[in-house]
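Reading through the structure tokens given below for one structure.
The values are calculated or read from the model by the stated rules, or taken from the named source; none is laboratory data. None of the values given here were measured: they were computed from a predicted structure. FYI the Cβ positions are ideal-geometry reconstructions off the backbone, even for glycines, and counts take in every protein chain you see.
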Amino acid sequence: MNPNDFSILFMDDEVHDETVATVSEAVKALREVGYDVDVKEKMSDAIDAFYKKFYHVFILDIDMQKVKDLLFEGSGSNVADIYRSLDNGSSVIMYSAMGTVEDWFDVTNRHIFGYVFKGSKSPVRKLLEMVEQAALEYSPLMLPEPKTEGRVLIAETDSERISDEDMKSAVLAAGNFEPVFCEIEKMPEMLENSDYAAAIIVEDQFSTMPDDMALLKKICMAQPSPNVIIGCEGKSECQESIIELINLHPFRLINLMKENPGRTFEECVRSAAGWYGGNETFQADTEYVHRAAKDIEWEDMEKRFETEEWENERNHSEDGDESHG
């Protein structure tokens, strides 16, 4: 896609502060590439913008406390929830330095496109690469082929938070599923050669060594057939590895430090199998759905569908689609 045809909404409470290089340089770099970038410093303004213009990518800060917003309470992760609920195909990138452990797990499970930590090395370069990746990897939503039974592949673990026996119990409790354990190194081949309803990987703390992350990436690339569930300890000192996991796009990222992780895995196995082969969609709050339809002139829309002008527009659109195919 031509960058000039690619629109981005950039939400950050420091977006107008030239002294914050990670933000000002990011906006400048995106515009220099040619992207159409709109900036918002309030969450309420960013939500309003969703209804007024189509954006290919939303770049969101998480901690938005520096600018007072009387119309919306919460954080950037709440805005991500709204975007992903209203448009399940939207690409959301978190660009933040202050996200909490809770935020990391929440945005992962809303299937954001990626997460860039502002405090990492070369964050602006990483953000540009992720936006470019989002432009290249757009794909239409796929309908699931729900599974209510089948085998669930589980990587053997020495986790102190949840045992293999606990994992077995969770899978059996999820329904008519059979747990199958293996060494994590064998998972890619097993997923490629056999049909599984879901896959599970658990480590208290994941290594960020390139070979280890490459193995996890290969496993996650099997999605959505099957979907992959990852569990780890939600600790602030594990930020680097958790952000690496976020960018692997697992179907679910589970905090093993939460109460009763076995019950959480049970629910996640059911969901992963239910969304087998497709994209999980989310239901938006009624308030935001009504707002989306509020400004539509329904009578004008009906007349437009009945006119020859609309037919010409549709044909032109179809011709354009073929030229891009």
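Key figures
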item	result
Wholly enclosed strands (runs of 3 or more DSSP E) of segment 10-127 bearing at least 1 residues under 12 Å from the mean Cα position of the chain (by Cα) and surrounded by 23 or more Cβ atoms within 10 Å (Cβ to Cβ)	57-60, 91-96, 114-117
Subset tally (residues that are of a type outside the set (D, E, K, R) and more than 27 Å from the chain's Cα centre (by Cα)) for segment 142-174	4
Subset tally (residues that are under 18 Å from residue 152 (Cβ atoms) and small (Gly, Ala, Ser)) for segment 205-235	3
Total residues in segment 220-259, condition touching a Ser or Thr at 6+ places or on another chain (Cβ under 9 Å), surrounded by fewer than 18 Cβ atoms within 10 Å (Cβ to Cβ), touching a residue at least 40 places away in the same chain (Cβ under 8 Å) and farther than 23 Å from residue 133 by Cα	1
Neighbours by Cβ (under 8 Å, 6+ apart or cross-chain): first from segment 116-145, more than 18 Å from residue 61 (Cβ to Cβ); second assigned to a helix (DSSP H, G or I)	135/3; 144/274
Criterion (at pLDDT 90 or above and within 30 Å of residue 189 (Cβ to Cβ)) met by exactly one of 64, 130	130
Residue within segment 185-193 that is of a type in the set (A, V, I, L, M, F, W, C) and either over 29 Å from residue 94 (Cβ atoms) or in the same structural domain as residue 121 (by TED's automatic domain parsing) (or both) present	yes
